[in-house]
Amino acid sequence: MKKMKRLVALLLAGVLALAVLTGCGGQTNVDLSDQLAQKATEAYARALGVKAEEVQLTEEAAAFNKEMLDRIGEDGVLSIGENENCVAKPPMLIYRNKDEKTKNNYKHSIVTLVPFGGERTPTGNGYRLSVTTLKAEQVNAILSGSLEGLNADLIVPLKENYEFKGIGVSAKKLKDGTYCYVLTLDATERPYA
């Protein structure tokens with residue numbers, strides 16, 4: 001009987017250890033960040049009248065997207081140098097990664113947008129921005145297909161003048177448990193009618 005109790009206790013300890021290793025429902029922070037990025041990309045694409053699967057970012061644009069997300073610290077602060085090609089007007093920082101003319105002389109741009117609340121702190125060679133973060137209820141709304149917290153109303157007017165070749169969002173969890181994201185758009189001016 002004693003051996004049976006020890007065996008049951010050992011099995012129970014093994015099950016508990018396995019439960020701790022797998023986490024809550026097998027969902028990790030990385031998985032949730034990826035899901036948030038995918039759903040936000042789909043929501044932006046829908047708002048712009050295109051299908052997300054038809055406007056995947058090129059390798060170059062995806063690299064710009066990842067680079068900007070990686071520049072945001074775990075505290076939700078982004079440092080920008082004074083000579084960087086960007087415009088910081090709340091609620092979005094618009095960072096110009098690439099501007100060029102097409103062979104038809106239309107403007108082609110890859111821009112990354114970073115939501116921020118307007119708090120800019122000057123540094124010796126630029127400034128620091130506090131990015132806008134998404135709380136749990138906003139994350140849940142986005143995962144359900146909502147545009148809540150995405151500032152889509154600022155992006156939608158662009159569809160009149162631009163053709164989107166790529167739309168992509170990257171997201172990550174910050175140390176305070178909130179999430180931040182960046183949006184990259186690869187677009188070309190539409191010919192004027």
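If you go through region 34-58 and keep only what is surrounded by 19 or more Cβ atoms within 10 Å (Cβ to Cβ) and hydroxyl-bearing (Ser, Thr, Tyr), you end up with Thr41, Tyr44. None of Asn151, Asn161 is in contact (Cβ under 8 Å) with a residue 12 or more places away in the chain, at positive phi and more than 12 Å from the chain's Cα centre (by Cα) except Asn151. Of all residues in region 103-112, exactly one satisfies the criterion of being more than 15 Å from Ile167 (Cα to Cα) and in contact with a Ser or Thr (Cβ under 6 Å, 6 or more places away or on another chain), namely Tyr106. Filtering region 135-154 to residues that are under 22 Å from Ser79 (Cα atoms) and crowded, with 21+ Cβ neighbours inside 10 Å leaves only Leu150.
Hey, among Gly76, Gly117, Gly81, which residue is under 21 Å from Gly149 (Cα atoms) and more than 13 Å from the chain's Cα centre (by Cα)?
Numbers: Gly76 fails: more than 13 Å from the chain's Cα centre (by Cα); Gly81 fails: under 21 Å from Gly149 (Cα atoms).
Checking each option against the conditions leaves just Gly117.
For region 150-190, give me the residue count where each residue is part of a loop (DSSP other than H, G, I, E, B) and in contact with an Asp or Glu (Cβ under 9 Å, 6 or more places away or on another chain). Qualifying residue count for the region: 5. Scanning for something part of a strand (DSSP E or B), aliphatic (A, V, I, L, M), at pLDDT 90 or above and open to solvent by 20 Å² or more (accessible area, probe 1.4 Å), does region 121-134 turn up at least one residue? No: zero hits. Residues in region 34-62 that are farther than 25 Å from Asn140 by Cβ and part of a helix (DSSP H, G or I): Glu54, Glu59, Glu60, Ala61, Ala62.
For region 140-148, the criterion of a residue being more than 15 Å from the chain's Cα centre (by Cα), farther than 16 Å from Ala37 by Cβ and not in a strand (DSSP E or B) is satisfied by no position.
Considering Asn65, Asn104, the condition of being of a type outside the set (Gly, Ala, Ser), touching a residue at least 12 places away in the same chain (Cβ under 8 Å) and either farther than 21 Å from Ser33 by Cβ or in a strand (DSSP E or B) (or both) is satisfied by Asn104 alone.
The values are calculated or read from the model by the stated rules, or taken from the named source; none is laboratory data. Keep in mind that this is a model prediction, so the values were computed, not measured. Don't worry about glycine lacking a Cβ; one is built from the backbone with ideal geometry, like all the others, and counts go over all protein chains shown. Ligands, DNA and RNA are stripped out before the accessible areas are found, and what is left, the full protein with its side chains, is counted by its heavy atoms. Shrake-Rupley method; radii C 1.70, N 1.55, O 1.52, S 1.80 Å.
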